[in-house]
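Any read-out appearing in this document is the output of simple, stated calculations on the displayed coordinates, not a laboratory observation. Remember, predicted model here, so these are calculated numbers, not experimental data. Please note: Cβ atoms are built from the backbone with ideal geometry, for glycine as well, and neighbour counts cover all protein chains shown.
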Amino acid sequence: MEYRYRRIIRDIGESGRFQKTVAFCLAVVALPHGIHSLSMAFLGALPEHHCRLPAVYSPGGIPPSWKDQLESLNGSIPLEIDASGEWRYSRCQQFNLTGGLNASTENRTIQHCTDGWVYDRSHYGKSIVTQFDLVCDRAWLREFAQSVHMLGFSVGAITSGTLSDRYGRRPTLLWCIFLLLTLSVTSAFSPNYIVFVILKFLLGAVNVSIYYTAFVLGMEVLDHSKHTMFGMFMYMFLVLGYIGLGALAYVIRDWWKLQLAISAPFLLCLSYWWLLPESPRWLLVTGRLKEAKKVIKRAARMNGADFPDKLYYEMDSSLIQNDGNDEKGRREYNLLDLVRKPNIRKNTLIVGFTWFVMIAVYFGLSLGAPELPGDPYVNYIMCSCMELVAIVLAWSTMDRWGRKPPAIAALLVAGISCGATAVVPKELWRVSTGLVMVGKLGVSVTYAVFPVYSAEVFPTVVRNMGIGVVSMIGRAGGILAPFVALLGEYWAPLPLLTFGILSFLDGVAILALPETLGVPLPNTLEDAENLDRMREKNSENSEKILPDEFQKTEIYDRITVL
């Protein structure tokens with residue numbers, strides 16, 4: 001089937017106005033997706049804080065500056081050693097001054113904050129942390145909110161993958177866009193923490209559904225020679241979304257206003273009801289020939305191509321023959337098909353493990369960027385800009401050396417860089433920050449390569465389901481990433497050391513995957529099981545490329561139908 005489908009693509013135009021329009025619309029979806037994915041970096045920003053002291057801060061008056069407040073804490077707030085070994089005023093405890101600020105030492109006992117907290121407003125305005133007091137004994141609720149958001153990513157990935165493979169890419173994408181816009185606006189008016197967390201879970205589910213459904217649709221509309229370009233183009237818009245989030249957060253310091261602002265871009269995506277077609281490849285594989293013909297006719301018309309009538313006859317008579325998808329023998333595929341055969345099972349497990357590590361490290365470093373020494377907005381934007389460098393590296397290597405070498409090299413670099421921070425003295429914090437940036441660059445290269453690589457490993461009949469499953473596994477890494485950051489309370493370098501070890505192990509595991517560079521997309525389970533043989537066969541066929549003049553002859557037409 002693959003060669004017949006590629007012939008259809010060739011006849012209607014491989015990179016005409018139809019493909020360019022669809023690819024651009026789908027890539028633009030990644031911009032608001034990126035904004036929402038890392039929004040908790042600022043919605044859940046954790047400012048410096050200490051116990052509210054009525055003698056220092058009067059709710060009815062103008063609060064003193066943070067610096068003035070710190071100068072007045074001596075004798076009211078105890079000192080403690082943080083994970084980096086430095087002394088600082090306690091964030092969660094205060095002295096019990098039964099006799100006031102001038103009480104004698106014997107009357108001073110330590111107790112937890114009794115009148116709430118005061119927050120440093122020099123960097124952040126209002127976040128969910130300051131609004132719902134997610135600090136001290138409630139500090140884990142901040143990480144829990146981010147983890148629930150990632151849990152939504154997992155549920156959405158597997159649910160949308162199943163729905164997309166069963167009911168189509170287009171309706172799944174359009175419904176998720178509408179739901180995300182509705183939920184995003186609603187979450188800005190969350191009356192309490194519980195409502196906020198529930199809505200973030202739902203937002204995560206529909207947000208990831210939009211991205212991966214759009215990605216799979218683009219991969220199936222475009223010829224395989226354009227897959228790398230589309231993957232990098234979509235990733236570029238994702239990074240622009242990250243940078244846009246940093247810029248918006250710098251201007252809009254209140255979390256609920258920021259939530260409304262990041263909802264606006266999806267209004268433009270409502271126009272996709274008229275712009276986006278269904279995947280012709282999916283329609284053909286599932287036997288929906290009438291709908292496939294409509295999409296192909298539309299593509300030919302937009303590209304100004306004259307589609308031969310005899311190809312419609314070939315589609316009716318033999319296009320899906322022997323693919324197990326004819327009307328009588330067609331069956332529904334399920335999750336077990338991803339582990340039913342040995343090679344597919346091996347590929348699914350390794351790709352799933354890679355997504356787990358990749359997303360854990362990627363989001364761990366991304367969400368932690370604002371907490372690095374220096375201005376949080378500058379650190380976040382600089383960390384995001386490293387991904388633009390990653391796009392250039394991935395794009396320049398994937399079509400030259402394949403998918404495996406850049407992914408393996410990038411993970412090894414990320415592992416060594418993150419692990420090396422454990423031996424850097426704390427006074428050389430600039431070196432540690434530089435190593436974190438290099439680690440982010442390495443994992444970002446893998447993050448750019450692997451969506452394309454994964455889509456080329458799974459067959460069409462379960463591609464969206466496969467992407468959904470490995471993405472769900474990956475989001476488990478995203479769920480754990482915020483809690484890995486909490487390990488820094490015991491030893492500051494421990495979170496980065498953990499990320500480094502995982503990255504190194506993952507780089508070694510990828511060695512067992514098949515290379516997919518130059519291999520046509522597998523359509524059936526048999527194709528996916530024999531990817532290595534398909535690569536060898538495609539390599540042999542590439543040495544026997546026929547001249548363009550011969551491809552237009554009747555002899556060639558007969559050969560391609562065989």
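Label separation (residue 486 vs residue 178): 3.9 nm, computed from points 7 Å beyond Cα along the C-beta direction. Residues in the range 35-40 carry Karplus couplings, in order, of 4, 6, 4, 10, 4, 5 Hz; the curve used is 6.51 cos²θ - 1.76 cosθ + 1.60 with θ = phi - 60°, and Gly or Pro positions show x. Taking all Cα pairs closer than 8 Å and separated by 6 or more residues, the relative contact order of the range 152-219 comes to 55 percent.
Which entries in 20/297; 200/404; 20/346; 226/293; 200/426 show an alpha-carbon gap greater than 24 Å?
Values: 20/297 16 Å; 200/404 34 Å; 20/346 35 Å; 226/293 22 Å; 200/426 36 Å.
Flagged as over cut-off: 200/404; 20/346; 200/426.
At an R0 of 41 angstrom, the distance between the Cβ atoms of residue 511 and residue 371 translates into a FRET efficiency of 0.75. Coupling constants for the range 335-349 follow from the phi torsions by the Karplus curve (6.51 cos²θ - 1.76 cosθ + 1.60, θ = phi - 60°), and in residue order they are 4, 5, 5, 7, 10, 6, 10, x, 5, 5, 4, 4, 5, 5, 5 Hz; glycine and proline get x.
Extension gain for residue 427 to residue 194 (0.36 nm times residue separation, less C-alpha to C-alpha distance): 79.8 nm. Between residue 109 and residue 166, the contour length at 0.36 nm per residue exceeds the alpha carbon distance by 14.1 nm. Close amide-amide hydrogen proximity is noted between residue 126 and 254, 255, each under 5 Å apart and 5 or more residues distant or on a separate chain (H modeled in the peptide plane; Pro and chain starts excluded).
Using θ = phi - 60° in the Karplus curve 6.51 cos²θ - 1.76 cosθ + 1.60, the 3J(HN,Hα) couplings for the range 298-305 round to 5, 5, 4, 5, 5, 8, x, 9 Hz; x is entered for Gly and Pro.
The simple spin-label model puts a point 7 Å past each Cα toward its Cβ; for residue 87 and residue 297 those points are separated by 8.2 nm. Using 0.36 nm per residue and subtracting the Cα-Cα separation, the extra length available between residue 185 and residue 332 on full extension is 49.2 nm.
Between residue 247 and residue 137, the C-beta separation translates, for a Förster distance of 35 Å, into a calculated FRET efficiency of about 0.50. Distant-in-sequence amide contacts of residue 96, defined by a placed amide H-H separation under 5 Å and a gap of 5 or more residues or a different chain, comprise 109, 110, 111.
May I ask you to order 353-360, 428-435 by the average number of other C-beta atoms within 10 Å around their residues, highest value first? Present the calculation step by step, with values, prior to reporting the outcome.
Details: 353-360: 25.1, 428-435: 15.4.
Ranked by mean Cβ neighbours within 10 Å, highest first: 353-360, 428-435.
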